[in-house]
Amino acid sequence: MTNSTTFSVTHMIPSIVFTSPTNGSAFVQYVPVFSGFYATAHDGTAITNTQLYSDATLTASNSFAGQTNTSSTLTVGNHTNTAIAIDSNGTRATNTVTFSVTAYTPPQITLTPTNGSLIAFGATPPSRPPLWIRQAKASRRWRSALTGFKLLPTQEAR
């Protein structure tokens, strides 16, 4: 007498988890965006290849179970990162996250001193002189030792 048993074996695909960015997150333009994920193989297999795509462009690839990449040149708008992991059985898994980059808005400083007033910004360390801004009496224009900033008076000088 012969006994037989029929069974099937189902191989599990690798799992992929993004560590950053999270799905739906938002970043400010010019701030570097760190992208990373890790992949896990199942059923006694091992991860043999991983790839990271940013907006359909391959940014990283290796034979490890994870990837990282940093991008500081992302444009304003929506972006997609796609992770691909392949295990030693050749089974491929894919995971995707979307995130957005918003436009950088520089801060604006408005000063409204009276004619001839001096304004000091913050506490000054003893190792360097204070930053002073003075409105010239005759020309009604602002002078400043501060570079890289534009002074915007709130009203026209009289």
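Taken together, the values in this text are just the output of simple stated rules run on the coordinates, not laboratory data. Values in this document were obtained by computation on a predicted structure and should not be read as measured data. Counting neighbours? That spans all protein chains shown, and the Cβs are built from the backbone with ideal geometry, glycine included.
Quickly run through segment 16-70 and pick out the residues that are of a type in the set (Val, Ile, Thr), under 13 Å from the mean Cα position of the chain (by Cα) and closer than 13 Å to ASN95 by Cβ. THR19, THR22, listed by residue number.
Quick check on my filter: what residues within segment 1-60 are within 22 Å of GLY77 (Cβ to Cβ) and charged (D, E, K, R)? Of everything in segment 1-60, just one residue is within 22 Å of GLY77 (Cβ to Cβ) and charged (D, E, K, R), namely ASP55.
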